[in-house]
1. Would you confirm, using the coordinates I've provided, whether Leu123 is open to solvent by less than 90 Å² (accessible area, probe 1.4 Å) and either aliphatic (A, V, I, L, M) or under 24 Å from Leu26 (Cβ atoms) (or both)?
2. Can you list residue pairs whose Cβ atoms sit under 9 Å apart, with the first residue in the range 69-90 being under 18 Å from Ala9 (Cα atoms) and the second being modelled with pLDDT under 95 and polar (S, T, N, Q)? Count only pairs 6 or more apart in sequence or on different chains.
3. Could you tell me which of the residues Glu2, Glu35 is in a loop (DSSP other than H, G, I, E, B), at pLDDT below 90 and open to solvent by less than 70 Å² (accessible area, probe 1.4 Å)?
4. Name the pairs: first residue in the range 98-121 and closer than 25 Å to Arg6 by Cα, second residue among the hydroxyl-bearing types (Ser, Thr, Tyr) and open to solvent by 60 Å² or more (accessible area, probe 1.4 Å), Cβ to Cβ under 9 Å, at least 6 apart or on different chains?
5. Which residues, taken from the range 52-102, are at pLDDT below 95 and in a loop (DSSP other than H, G, I, E, B)?
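The values are calculated or read from the model by the stated rules, or taken from the named source; none is laboratory data. Not measured: the values here are computed from a predicted model. Because the Cβ atoms are built from the backbone with ideal geometry, glycine has one as well, and the counts that use them run over all protein chains shown. Areas reflect the complete protein model, heavy atoms only, side chains present, ligands, DNA and RNA absent. Shrake-Rupley method; radii C 1.70, N 1.55, O 1.52, S 1.80 Å.
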Amino acid sequence: MEKKPRGAALTIFALLFAVLAISNFLKPFHLEANEGFVFLGTKLTGTGNAIMGPLFGFLLLVYVYGIWAMRKFALPIAYIFLLWVLLNMTLFAVKNQSAQPLAANLAAAIVGIGVPLASAIVLRRRRADLT
């Protein structure tokens, strides 16, 4: 059986998640003043940030490899990551009444939920092509 190409959409998703993984690896270095890994709605600092940021960066790299290599394990990771994002964003919104404008919060929610949702949908549709 000939291996089907990954396609543009999955390539873009893999690259976006790779950028997110790099961002998570950089969280402990505090390159921005208000930067920290958000875990269950709480922005971490110190040791928690130094552990969880890179840990989730590594998990995202596993997901990136799964998408890039069209592996079956990418689909369950897509579902778990989507649920994680939904939970994390909901808890963050509940715990932190943001001073940012509604439009900025809405844009962040659309991108933050839309990319994992779209990647899960595309992987689901392409599940027969996953090895």
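1. For Leu123, the condition - open to solvent by less than 90 Å² (accessible area, probe 1.4 Å) and either aliphatic (A, V, I, L, M) or under 24 Å from Leu26 (Cβ atoms) (or both) - is met.
2. Ala69/Thr131; Met70/Thr131; Arg71/Thr131; Lys72/Thr131
3. It is Glu35.
4. Within 9 Å, the pairs are Ala120/Tyr79.
5. Result: Asn96, Gln97, Ser98, Ala99, Gln100, Pro101.
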